[in-house]
Structure formats: C-alpha cells, structure tokens
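The values are calculated or read from the model by the stated rules, or taken from the named source; none is laboratory data. This one's a predicted model, so the numbers in the text were calculated from it and none came from an experiment. Using ideal geometry, Cβ is built from the backbone for each residue, glycine included, and neighbour counts are taken over all protein chains shown.
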C-alpha cells in the first residue's frame with residue numbers, strides 16, 4: 001500500500017490531491033487547483049504526476065472548494081470514467097464551483113488571446129472548458145455521513161462532518177490487502193467550532209488510524225475569537241459608513257459570503273447598523289446562497305431555528321443580487337456608500353478583480369479581506385500592503401484602505417487542530433502534515449510532538465509513503 005502526495009504538499013496550501021494505491025485499486029482523494037502562482041498555475045495544474053485518470057477506480061472528494069476540486073475537469077478531459085464519491089451537498093456545490101471555474105477559464109483565455117494576437121503570438125487553449133465540467137456530473141455518487149461505502153476492491157470510506165463548509169468531510173479509509181487492514185484518515189480542511197450555519201468538526205473518537213494526513217494552514221497560530229472579529233468588523237463598517245466610503249469585500253462564494261451576510265443581517269436587525277445598500281455581485285454566490293436553503297438539514301441548531309422563522313429571507317431589505325455583467329459594471333461608476341461582496345476570496349478571478357481594478361487607486365474606498373489568501377495571490381499582496389499591484393497587465397496603485405480580518409477564517413487554528421487530532425493521536429499513528437506553508441506546518445509538527453509525543457512528517461509534492 002502506498003500514498004503519493006500530488007498537491008498541497010511541500011509547503012503548498014492549494015492543489016490538494018492524494019493518490020492511494022494497493023495491488024488491487026487506485027483511488028484519488030481530491031484533485032484541487034493550484035492558486036496564487038499567476039501564470040505558473042496552469043503549468044502546475046496540468047502536471048498530474050503519477051495520476052493516470054483513465055486508470056483510476058474511484059475518486060473521493062472531501063468538499064467543494066476550488067483548491068480541492070478544481071482539477072477534476074482536467075481529469076475528465078484526460079479520460080476519467082470512474083465514480084466520484086462525496087456528500088450530496090458537495091455534489092451541488094462542486095458542480096457550481098467547477099462550472100464557474102470553467103467559465104472563468106474560457107473568459108480569461110479569450111482575453112489573453114487578444115493580447116497575444118496583438119503581440120504576434122499564437123492563441124492558447126483554456127486548461128478546461130464547460131464541456132469538460134459537464135462530463136463530471138454523471139460520475140458523481142452521493143454518500144451520507146457516517147456510512148461505510150466500498151468504492152473499489154479492498155477500499156472502503158466513511159465521511160464525517162468537517163465543519164468547514166456545508167457538505168465538507170473528513171475521510172476515513174480502510175485499505176485491505178493480503179489479509180492486512182490499514183486505516184488512513186484524511187482530515188481535509190478542518191473547520192472551526194461555533195461557526196454560523198455549520199456543525200462543529202467531528203472528533204473521530206472511535207477511530208484507530210494507522211496514518212493521518214492532516215491540514216496545517218494555520219498550524220502556527222490561533223485566530224481571534226469570533227466575538228472580537230465581529231466587533232472589529234462592525235467598527236470597520238460603521239467607520240466606513242460615516243465616512244461615506246465604498247466597501248469591497250472579496251469573499252469565497254460558498255461559506256464566507258453566507259457568513260458575512262449572516263453577520264450583516266444580525267447587525268441591521270439589532271439596530272447596530274443602519275440600512276444601506278449591499279450588493280452581492282457574484283452569480284455563483286447567489287446560487288450558493290440558494291443551495292444553503294436546499295441543505296438546511298446540515299445547519300447547526302441556531303441557524304436551523306432562524307431558517308424556520310424565515311429570518312434569512314427578511315434580514316436585509318437593501319440587499320440586491322446582481323446577476324448580469326452590466327449590473328456589475330454599473331457599480332464602477334457609483335461611489336456612494338455601499339458594500340460590494342464579490343468573489344473570489346483570494347482575488348484571483350471573478351468580479352472582485354474588476355472592482356479592485358476600478359477602485360484600488362481611489363481614496364474613500366475600504367477593502368476588507370475576510371479570509372486566507374495564498375502566497376503570490378492578489379489577495380495576499382493586498383494583505384501584505386503592496387503599494388501597487390498588477391491587474392489585467394496594468395499597474396494599479398493601492399490608495400484604498402486595506403483591512404484584514406483573520407477571525408472569519410473557516411480553517412481551524414493551532415489549538416483547534418490539536419483538539420481535532422487528540423483522539424487519533426492516542427493510538428500513535430503516523431502523521432503527515434499537508435495543506436500548509438512551511439512555517440505553519442513546522443510549528444504544528446513541533447506542537448504535536450510536544451503535546452502527544454508523535455512525530456509529524458512534512459511530505460513534499462509527489463512524495464510516496466509506503467506502509
């Protein structure tokens with residue numbers, strides 16, 4: 001039995017992908033997109049290493065964020081024909097994410113080809129298209145939480161709620177070979193406790209894992225408390241409103257957007273904030289918000305109670321959904337006080353990039369970064385207070401005020417990561433830290449050794465672990 005780390009390793013946060021091989025089966029866990037490398041992303045995403053799509057017996061998808069599902073259309077283009085197993089909610093959200101990514105790929109490629117023709121260069125092809133994305137839908141197989149499912153000869157999986165986004169999962173995998181059974185746990189992205197809408201991450205108290213692959217995105221620190229973060233968020237919004245500023249919030253369409261709307265609604269409903277224009281400028285986020293209503297069975301108790309009282313549909317009377325490109329473009333000519341929420345969270349694509357291009361150079365604009373942005377991404381450059389940035393081949397000076405709110409992160413901080421690992425660590429498994437830059441995962445490895453007496457390894461990309 002062997003497992004090869006094909007992404008989100010070697011100090012990378014994005015590109016999550018594991019190839020699991022036995023004598024009888026080849027199974028892939030996630031196949032996410034690399035993000036934050038600019039032009040290098042296409043080359044990284046195209047390099048599947050030892051993954052031969054047509055030879056796979058099954059794919060397991062932990063959740064619908066692009067850095068976990070974004071390369072699946074590339075697999076489809078190259079001959080993937082096996083089932084893709086995930087929760088029903090993940091099927092819905094991943095379909096939305098992948099179709100949107102394909103549309104953006106086609107649009108970005110068309111724009112790039114205009115520049116290339118002017119420079120006398122040949123056209124390029126998008127990494128994948130909406131046709132490739134459409135090939136995935138018939139392969140999807142819904143799996144309920146806490147139910148063992150055999151997905152390939154000698155390979156069974158069980159999903160449990162990871163508390164990261166609706167439908168997100170930890171994966172327990174049993175591998176049977178030559179009379180031996182091994183249990184491997186893939187944490188995927190571990191959520192936080194007491195997050196709006198979401199149930200708390202599942203603690204695998206009855207699992208005796210031989211191997212654990214664990215995320216480490218925030219392995220070197222804890223987040224600010226939710227109460228402190230909401231208080232700071234409210235103060236930023238209040239100050240910007242009194243200064244009559246335009247407020248831009250880059251947010252992932254699934255999870256972060258709904259949480260931001262939830263907190264804004266609470267502030268308006270309680271009278272803390274006045275009613276003012278709020279624009280949700282993301283067709284994907286609008287559809288994702290509708291899917292939240294479909295999957296209310298996955299809500300935590302508080303959100304379920306609000307949904308029963310129909311609070312979500314009444315909270316923000318001045319919230320406007322912008323579907324068309326023309327509606328989005330019209331915001332660039334309007335400079336009154338308002339909030340614009342648009343994707344993507346890392347500012348690597350989507351409508352937020354256009355809003356930043358038209359507004360970063362202005363004073364009287366606030367940009368509120370509410371989540372993680374990988375090294376090299378436009379979002380990270382803003383978080384790091386770059387004096388100027390490149391957008392669509394143009395240099396844009398940054399005169400807007402940049403605010404960073406890490407407390408809204410959907411990833412567990414160090415203390416929460418250790419809390420999740422504790423019941424598994426009691427059985428002294430081999431632990432491999434992925435999905436983190438070198439500094440956070442090195443710090444988490446030290447904390448695991450100190451707390452549990454377990455050595456944690458830091459695998460590189462395309463490194464193979466045999467057991």
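Of 441, 394, 399, 419, all but one fail to be surrounded by fewer than 18 Cβ atoms within 10 Å (Cβ to Cβ) and not assigned by TED's automatic domain parsing to the domain that holds residue 260; the exception is 419. In segment 353-370, of all residues being more than 19 Å from residue 336 (Cβ to Cβ) and crowded, with 22+ Cβ neighbours inside 10 Å, the one that is modelled with the highest pLDDT corresponds to 369.
Within segment 223-257, being crowded, with 23+ Cβ neighbours inside 10 Å, at negative phi and within 22 Å of the chain's Cα centre (by Cα) holds for 248, 249, 250, 251, 252, 253, 254, 256, 257. Quick check, is residue 132 at pLDDT below 95 and touching a helix residue (DSSP H, G or I) at 6+ places or on another chain (Cβ under 6 Å)? Judged against the criteria, residue 132 is not a match.
The condition of being part of a loop (DSSP other than H, G, I, E, B) and touching a helix residue (DSSP H, G or I) at 6+ places or on another chain (Cβ under 9 Å) holds for only one of 263, 358, 335, that being 335. Would you pick out the residues in segment 285-308 that are touching a residue at least 40 places away in the same chain (Cβ under 8 Å) and part of a helix (DSSP H, G or I)? 285, 287, 288, 291, 292, 294, 298, 302, 303 - these are the residues of segment 285-308 that are touching a residue at least 40 places away in the same chain (Cβ under 8 Å) and part of a helix (DSSP H, G or I). When restricted to residues that are surrounded by fewer than 24 Cβ atoms within 10 Å (Cβ to Cβ), out of contact with any helix residue (DSSP H, G or I) (no Cβ under 7 Å at 6 or more places or on another chain) and in contact (Cβ under 8 Å) with a residue 60 or more places away in the chain, segment 6-19 contains 1.
The residue of segment 279-298 that is modelled with the highest pLDDT, among those that are surrounded by fewer than 18 Cβ atoms within 10 Å (Cβ to Cβ) and within 22 Å of residue 249 (Cβ to Cβ), is 286.
Cβ-Cβ distances below 8 Å connect the following pairs, each with a first residue in segment 20-44 that is at positive phi and modelled with pLDDT under 95, a second residue that is surrounded by fewer than 22 Cβ atoms within 10 Å (Cβ to Cβ) and in a loop (DSSP other than H, G, I, E, B), and a separation of six or more residues or different chains: 36/374; 36/375; 36/376; 38/376. Counting only helices (runs of 4 or more DSSP H) that fall entirely inside segment 26-118 and contain at least 3 residues that are surrounded by fewer than 17 Cβ atoms within 10 Å (Cβ to Cβ), the qualifying elements are 40-46, 88-118.
Right, residue 65: farther than 27 Å from residue 294 by Cβ and at pLDDT below 95 or not? Judged against the criteria, residue 65 is not a match. Candidates in segment 371-391 are the residues that are within 20 Å of residue 34 (Cα to Cα) and free of Cβ contacts under 8 Å to residues at least 40 places away in the same chain; of these, the one that is surrounded by the fewest Cβ atoms within 10 Å (Cβ to Cβ) is 390.
Return a yes/no flag: does segment 309-329 have any residue that is at pLDDT below 90, surrounded by 16 or more Cβ atoms within 10 Å (Cβ to Cβ) and more than 26 Å from residue 238 (Cβ to Cβ). Checking segment 309-329: not a single residue is at pLDDT below 90, surrounded by 16 or more Cβ atoms within 10 Å (Cβ to Cβ) and more than 26 Å from residue 238 (Cβ to Cβ).
Are any of the residues in segment 261-278 closer than 21 Å to residue 354 by Cα, crowded, with 19+ Cβ neighbours inside 10 Å and not assigned by TED's automatic domain parsing to the domain that holds residue 66? It would help to see each step written out before you state the result.
Of all residues in segment 261-278, those closer than 21 Å to residue 354 by Cα come to 277-278.
Filter once more, keeping what is crowded, with 19+ Cβ neighbours inside 10 Å: 278.
Subsequent filtering for residues that are not assigned by TED's automatic domain parsing to the domain that holds residue 66 retains 278.
Checking segment 261-278: at least one residue is closer than 21 Å to residue 354 by Cα, crowded, with 19+ Cβ neighbours inside 10 Å and not assigned by TED's automatic domain parsing to the domain that holds residue 66.
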